Amino acid sequence: MGGQEVKTAFGKNIKFLRSQRQFSQAELAERADISITFLSNIERGLKFPKPEILYQIATGLEVEIYELFIANHVPKVALKSNKELINCISRDMSEKVSKTIESVFKKYLK
């Protein structure tokens, strides 16, 4: 499963959880303190949130962060396995965290 497939599956899962709670995009965006545009891009698989935004979305949906990644909420056709999804997301998040830490070090260690 490639990065785009992970983003798409994750976005569908967020949309499912939001719809299950009968929240509009505007309501979840407000609850998560993010823009409606950003939430829409996440749900459409165009963007993937940073760890702190994952926390905000989970809080807005009143779920634990790990529940955002449970593949039972998305069609099985999109995912080969929960383990594969978790591995792809972990790699993506690790890369983003590494880049963020690197930029912070560059900023403060000049």
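For this structure, a couple of remarks:
- Residues that are open to solvent by 60 Å² or more (accessible area, probe 1.4 Å), in a helix (DSSP H, G or I) and of a type outside the set (S, T, N, Q), drawn from the stretch 14-24: LYS15, PHE16
- Any chance PHE38 is modelled with pLDDT under 95 and among the aromatic types (Phe, Trp, Tyr): no
- Sole residue being over 18 Å from VAL63 (Cα atoms) and open to solvent by less than 40 Å² (accessible area, probe 1.4 Å), chosen from GLY2, GLY11: GLY2
- ILE36 vs. criteria open to solvent by 60 Å² or more (accessible area, probe 1.4 Å) and either of a type in the set (A, V, I, L, M) or closer than 19 Å to ILE65 by Cβ (or both): yes
- Just one of the listed residues (GLU27, GLU52) is open to solvent by 70 Å² or more (accessible area, probe 1.4 Å), farther than 18 Å from LYS96 by Cα and without any contact (Cβ under 8 Å) to a residue 12 or more places away in the chain, namely GLU27.
- Checked against the criterion of being open to solvent by less than 50 Å² (accessible area, probe 1.4 Å), modelled with pLDDT of 90 or more, more than 19 Å from GLY3 (Cα to Cα) and in a loop (DSSP other than H, G, I, E, B), the stretch 58-78 contains one or more residues that satisfy it.
The values are calculated or read from the model by the stated rules, or taken from the named source; none is laboratory data. No experiment lies behind these values; they were computed from the predicted model shown. All Cβ positions, glycine included, derive from the backbone under ideal geometry; neighbour counts span all protein chains shown. For the accessible areas, the whole protein counts, side chains as well, though only heavy atoms, and no ligand, DNA or RNA atoms are used. Shrake-Rupley method; radii C 1.70, N 1.55, O 1.52, S 1.80 Å.
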